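Participant: Quick one: the structure is below, questions incoming.
The values are calculated or read from the model by the stated rules, or taken from the named source; none is laboratory data. Model, not experiment: these values are computed from the prediction. Glycine also receives a Cβ, built like all others from the backbone with ideal geometry; neighbour counts cover every protein chain displayed. Areas reflect the complete protein model, heavy atoms only, side chains present, ligands, DNA and RNA absent. Shrake-Rupley method; radii C 1.70, N 1.55, O 1.52, S 1.80 Å.
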Amino acid sequence: MKEKYHWWQTGIIYQIYPRSYMDSNEDGIGDLNGITERLDYIKGIGVKTIWLSPMYPSPMYDFGYDVADYTDVHPIFGTMKDFGRLLEEVHKRDMKLVLDLVPNHTSSEHPWFRESISSKNNPKRDWYIWKDPASDGGPPNNWLSYFGGSAWEYDEKSNQYYLHLFVKQQPDLNYRNPEVRQAMLNVMKFWLDKGVDGFRVDVIVCLGKDELFRDEPDDPEWDGIVPFMKHIHIYTLNLPLSHDVTRDMRKLVDRYNDRMIVGETYLPYEQLIQYYGKNNDECHMPFNFHLLEADWNAKIIRNLVDDYEAILPKDCWPNYVLGNHDRKRLATRIGQAQTKVASMMLLTLRGTPTVYYGEEIGMHDGVIPPEFIQDPPAVNQPEIANEVGRDPVRTPMQWSGSANAGFSKEGVVTWLPLAGDYKERNVAIQEKLNISDLSLFKALTELRSSEPALTIGSYRSVNADNVNVYAYIRTYENSKSYMIVLNFSKERYILDLKNVAGEGTIIISTLMDRKEKTDLAKLSIRPDEGLIIEF
């Protein structure tokens with residue numbers, strides 16, 4: 001690899017939801033020591049970077065995204081000493097650790113907010129967003145919470161409302177106040193000084209709000225299901241202030257050696273690429289969630305990738321995401337038969353792939369009985385819990401077929417129920433099989449790390465003359481070239497790809513039973529199969 005490429009460009013990011021990865025102290029909740037126990041597994045599947053969802057002290061109204069102390073560890077996850085050991089062990093294995101930074105809001109139990117709500121005259125009053133009631137005594141405007149209801153909470157003592165774009169226990173910080181901006185930079189500095197390698201910045205697009213607090217317009221295409229979507233969010237989303245704050249964060253991170261920030265950016269491509277910055281001075285990578293949200297269709301996926309490649313500035317690095325803690329798991333969304341095709345695509349496209357824990361073994365969404373539902377959007381809106389609830393994608397990691405899937409000791413009540421298929425779908429079983437989701441994942445990461453064409457090479461899509469097949473080529477200078485051919489359907493096809501090359505060698509099939517030379521003028525591809533062809 002050339003020196004100009006960084007670890008966050010050539011490696012794979014693996015998201016761990018700490019509550020659900022590994023329970024080391026038998027309380028039914030995953031913890032930092034549990035993650036440390038599993039580092040050899042993570043390294044063994046070819047992962048170079050771990051992204052850790054929040055592990056800070058929190059009352060857990062939104063499971064850690066309501067931060068009560070940005071510079072400590074919640075006791076359920078361990079201690080700062082445990083974190084130090086995890087970071088040391090990660091670096092000892094030549095891996096990287098990225099933390100979740102939650103700058104848009106704090107917990108209502110954070111000392112900053114306790115001061116802010118104590119009095120209108122408190123110096124920290126302006127650290128949050130307070131407004132007088134509307135003329136009728138109601139909320140200042142029509143802004144809505146992502147998690148249901150108004151985004152404004154009334155404080156009887158001061159006769160004012162404070163803003164919360166999420167649950168009411170998550171008051172939004174005021175980034176028009178320079179003291180707030182500096183305080184968050186100090187938080188970042190605290191962790192950077194400890195040696196963390198970067199941050200995934202939560203809802204980075206929400207940091208700026210309209211100064212005039214205007215009502216948001218109705219969305220004429222709203223389907224009437226999720227209340228939050230009834231408005232077009234032009235006054236709470238993607239304002240210039242968000243970019244100003246991001247540039248400040250980047251300046252700080254760039255003072256350290258080879259660190260990075262990746263932003264949570266659910267945006268159209270035209271707005272997404274703005275978070276790289278005009279001078280590449282904002283996020284190293286704004287997350288590209290377009291494949292995560294798209295219909296699973298070869299033509300649609302190809303167009304999304306081609307459009308992204310076309311609009312991406314030359315000096316900006318691409319990335320792709322197929323799963324995370326907020327969206328349905330891949331196998332649930334597209335069906336088990338296609339998960340291997342999706343893995344092959346994710347690990348062979350140009351750019352940095354992000355993998356959600358358990359995707360490497362094809363985990364499904366769990367079924368959460370009503371009495372176990374904990375996620376705020378589902379609790380607050382039970383009538384649409386199936387639409388907005390995220391508990392099903394956060395079930396414990398399936399390590400084995402033993403009691404509690406090896407996540408916790410037998411007899412322990414886990415914080416969420418296990419997915420029902422853990423006895424048949426787990427790491428222990430798949431590690432013993434030559435043909436499994438996990439064995440394919442390992443084969444793909446091994447090939448990816450050894451071939452420059454698949455890490456830093458160019459991308460070009462290929463016309464396969466079949467609406468159900470997506471094909472593309474990866475090349476790099478004098479290295480080997482590869483064509484990836486992905487069948488999104490349950491039909492077998494004979495493809496004519498002689499315009500690419502006359503002959504090639506199939507080196508990986510997602511079905512893991514083919515390694516053979518093939519005539520590209522009559523390439524046979526089976527249902528739900530993906531191929532990597534060297535030529």
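Participant: On the protein heavy atoms, probe 1.4 angstrom, tell me the percent of accessible surface of the chain carried by carbon and sulfur.
Facilitator: 48 percent
Participant: Roughly speaking, what % of Cα-Cα pairs in the stretch 416-479 are separated by over 15 Å, rounded to a whole number?
Facilitator: That fraction is 69 percent.
Participant: Hey, another quick one. State in Å² the accessible area per residue of the chain; use a 1.4 Å probe, count heavy atoms of protein chains only, and round to the nearest integer. Can you show the working numbers first?
Facilitator: Values: 21230 Å² over 535 residues.
Per residue, the chain has 40 Å² of solvent-accessible surface.
Participant: Beyond 14 Å, what percent of the Cα pairs of the stretch 350-389 remain? Show your work: numbers first, answer last.
Facilitator: On the way: 453 of 780 pairs.
Everything past 14 Å amounts to 58 percent.
Participant: Using 0.36 nm per residue, how much length does the chain from ASN122 to ASP513 gain when fully extended, once their Cα-Cα distance is taken away?
Facilitator: That works out to 133.9 nm of additional length.
Participant: Still on this model: Hey, for a label at VAL412 modelled as a point 7 Å past Cα toward Cβ, could you say which residues of the stretch 31-71 have their backbone N under 16 Å away?
Facilitator: 31-39
Participant: Scan the chain and note any complete DSSP helix (H) whose C-alpha atoms cover at least 15 Å along its axis and whose Kyte-Doolittle average is -0.5 or more. Intermediate values should be presented prior to the final figure.
Facilitator: On the way: long enough: 80-92 (18 Å, -0.76); 178-194 (24 Å, -0.26); 240-253 (20 Å, -0.59); 298-311 (20 Å, 0.10); 336-346 (16 Å, 0.27); 437-450 (20 Å, 0.09).
Once both thresholds are applied, what remains is 178-194, 298-311, 336-346, 437-450.
Participant: How far apart, in nanometres, would the label points at LYS4 and ASN279 be if each is projected 7 angstrom from Cα along the Cα-to-Cβ direction?
Facilitator: In this crude spin-label approximation the distance works out to 2.0 nm.
Participant: Return one quarter of the surface area of the convex hull spanned by the alpha-carbon atoms of the stretch 293-377, equal to its mean projected area, in nm². Provide the component values of the computation, followed by the final result.
Facilitator: Values: hull surface 27.9 nm².
So the mean shadow area of the Cα hull is 7.0 nm².
Participant: Can you put ILE494, ILE117, ILE45 in order of accessible area, largest first, using a 1.4 Å probe?
Facilitator: Of ILE494, ILE117, ILE45, the descending order of accessible area is ILE494, ILE117, ILE45.
Participant: Further question: Can you tell me which of 478-485, 61-68 comes out highest on packing, and rank the rest after it, using the mean Cβ neighbours within 10 Å?
Facilitator: 61-68, 478-485
Participant: Ratio of Rg to Rh for the stretch 121-263, alpha carbon only, Kirkwood? Before the final figure, lay out each step's value.
Facilitator: Numbers: Rg = 17.0 Å, Rh = 16.7 Å.
Rounded to two decimals, Rg/Rh equals 1.02.
Participant: Ok, one more. Mind grabbing the accessible area of SER439 for me, 1.4 Å probe, Å², rounded to tens?
Facilitator: Here the accessible area works out near 20 Å².
Participant: Okay, moving on. If you average 1/r over every pair of different alpha-carbon atoms in the stretch 95-175 and take one over that average, what Kirkwood value in Å do you get?
Facilitator: Computed over the stretch 95-175, the radius equals 13.3 Å.
Participant: Which translational diffusion coefficient, to the nearest whole µm²/s, is obtained for the stretch 453-532 from the Stokes-Einstein equation, given a Kirkwood hydrodynamic radius over C-alpha pairs, 25 °C and 0.890 mPa s?
Facilitator: Values: Rh = 12.7 Å.
Translational diffusion coefficient: 192 µm²/s.
Participant: With r as the distance between the Cβ atoms of GLU270 and ASP465 and R0 = 22 Å, compute the FRET efficiency 1/(1 + (r/R0)^6) and round to 0.05. Provide the component values of the computation, followed by the final result.
Facilitator: Numbers: r = 31 Å, r/R0 = 1.39.
About 0.10, to the nearest 0.05.
Participant: Tell me, what is the 1.4 Å probe accessible area of CYS316, in Å² to the nearest 10?
Facilitator: Per-residue accessible area (CYS316): approximately 10 Å².
Participant: Step through the residues of the stretch 97-108 one at a time and calculate ³J(HN,Hα) from phi using the Karplus curve (6.51 cos²θ - 1.76 cosθ + 1.60, θ = phi - 60°), rounding each to whole Hz and writing x for Gly and Pro.
Facilitator: Per residue, the Karplus-derived 3J(HN,Hα) values read 10, 10, 9, 7, 9, 10, x, 5, 8, 10, 6, 5 Hz.
Participant: Next up: Distance between Cα centroids, the stretch 463-477 to the stretch 85-147: provide it in whole Å.
Facilitator: The stretch 463-477 and the stretch 85-147 have Cα centres separated by 45 Å.
Participant: Another question, then. Taking every alpha carbon pair in the stretch 189-300, what does the distance histogram look like in 10 angstrom bins from 0, in percent?
Facilitator: 13, 36, 32, 16, 4
Participant: Based on the Cβ-Cβ distance of ASP421 and ASN297, what FRET efficiency does E = 1/(1 + (r/R0)^6) give at R0 = 30 Å, to the nearest 0.05?
Facilitator: The pair ASP421/ASN297 has a calculated efficiency of 0.70.
Participant: Taking a label point 7 Å from the Cα of MET229 along the Cα→Cβ vector, which residues of the stretch 388-431 have an amide N closer than 17 Å to it?
Facilitator: Those under the cut-off are 388-390.
Participant: Gain in length, GLN336 to ARG93, computed as 0.36 nm per residue apart minus the alpha-carbon separation, to one decimal in nm?
Facilitator: Using 0.36 nm per residue and subtracting the Cα-Cα distance, I get 84.3 nm.
Participant: Moving to a separate point now. For the stretch 280-421, count the residues as N, evaluate 2.2 N^0.38 Å, and divide the Cα radius of gyration by that value, please.
Facilitator: 1.20
Participant: Right, next: If one computes P(r) from the Cα atoms of the stretch 366-523, what percent of pairs lie at distances over 22 Å? Spell out each step's value before the answer.
Facilitator: Values: 7551 of 12403 pairs.
The proportion of pairs with Cα distances above 22 Å equals 61 percent.
Participant: Counting only Cα, what are the radius of gyration and maximum Cα-Cα distance Dmax of the stretch 266-343, in Å?
Facilitator: Cα-based Rg and Dmax for the stretch 266-343 come out at 13.5, 43 Å.
Participant: Over the chain, what per residue volume does the convex hull of the Cα atoms give, in whole Å³? Could you put the intermediate results ahead of the total?
Facilitator: Working: hull volume 80.9 nm³, N = 535.
Per residue, the Cα convex hull of the chain comes to 151 Å³.
Participant: Please work out the FRET efficiency for the pair LYS189 and ILE435, using the Cβ-Cβ distance as r and a Förster radius of 45 Å; give the result to the nearest 0.05.
Facilitator: Details: r = 48 Å, r/R0 = 1.07.
After rounding to 0.05, the efficiency reads 0.40.
Participant: Take the Cα radius of gyration of the stretch 493-535 and divide it by 2.2 N^0.38 Å, with N its residue count; two decimals is plenty.
Facilitator: So the Cα radius of gyration is 1.04 times the expected 2.2 N^0.38 Å.
Participant: List the pair-distance distribution P(r) of the stretch 49-188, using every Cα-Cα distance, as the percent of pairs falling in each 10 Å bin from 0 up to the bin containing the longest distance, rounded to whole percents.
Facilitator: 12, 37, 30, 14, 6, 1, 0
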